[in-house]
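The values are calculated or read from the model by the stated rules, or taken from the named source; none is laboratory data. Since we're looking at a predicted model, the values are computed, not measured. Glycine also receives a Cβ, built like all others from the backbone with ideal geometry; neighbour counts cover every protein chain displayed. The protein model used for the area step is the full one, side chains on, heavy atoms only, and it has no ligands, DNA or RNA in it. Shrake-Rupley method; radii C 1.70, N 1.55, O 1.52, S 1.80 Å.
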Amino acid sequence: MDKITISHLVEFNRKSPKGRRTLVEKLKKPKIKPEKSESGGDYWTSAVSCISRAFAAGNNTEIVEKIDKLLEKIENSDAKITKNMFQRNIHILQKFEEFDFA
């Protein structure tokens, strides 16, 4: 059963008896969350996570290592879309290479 919020109560009060029944039945059914797929996501995720690890570590070695890994991935990739994605991540990371994380 879903949690009943104030907006649900207001909506319930404004509905006809048939609408109220429908709303209650709708709230009784649990919402099914879609399963997360392994693919997809934002193209900049690897850059953002690397920057966050660099802030936690307090230095930029994470960023330099990630740039090297992404350059290797560009060389090993055949698809232009994939190469562009990795190159965009590299551009994001290069802006933080000289950043003082301390």
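One table, with the values for the structure above:
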item: Reduced Cα scattering model of the chain, Debye log10 I(q)/I(0), q = 0.12, 0.19 Å⁻¹; result: -0.60, -0.91
item: Sequence of Asp42, Asp78, Asp100 from largest to smallest accessible area, 1.4 Å probe; result: Asp78, Asp100, Asp42
item: Helix axis angle, 17-28 relative to the chain longest principal axis, alpha carbon, degrees; result: 40 degrees
item: Probe 1.4 Å - accessible area at Ile51, Å² to nearest ten; result: 20 Å²
item: Solvent-accessible heavy-atom area per residue, rounded to whole Å², over the chain at 1.4 Å; result: 83 Å²
item: Among Phe55, Phe12, Phe86, residue whose mean-square fluctuation peaks in a GNM of the chain (springs only between Cα atoms under 10 Å); result: Phe12
item: Cα long-axis angle, helix 80-94 against the chain (0 to 90 degrees, to the nearest 10); result: 80 degrees
item: Relative contact order [Cα under 8 Å, 6+ residues apart], the chain, whole percent; result: 26 percent
item: Relative pair counts by distance (%), Cα atoms of segment 44-95, 10 Å bins; result: 28, 54, 17, 2
item: Carbon plus sulfur fraction of accessible area for the chain, probe 1.4 Å, in percent; result: 54 percent
item: Cβ-defined net charge surrounding Lys18, 15 Å radius [Lys, Arg +1; Asp, Glu -1]; result: +3
item: Dipole magnitude of the chain, debye to nearest 20 (Cβ charges: Lys/Arg +1, Asp/Glu -1, about Cα centre); result: 1460 debye
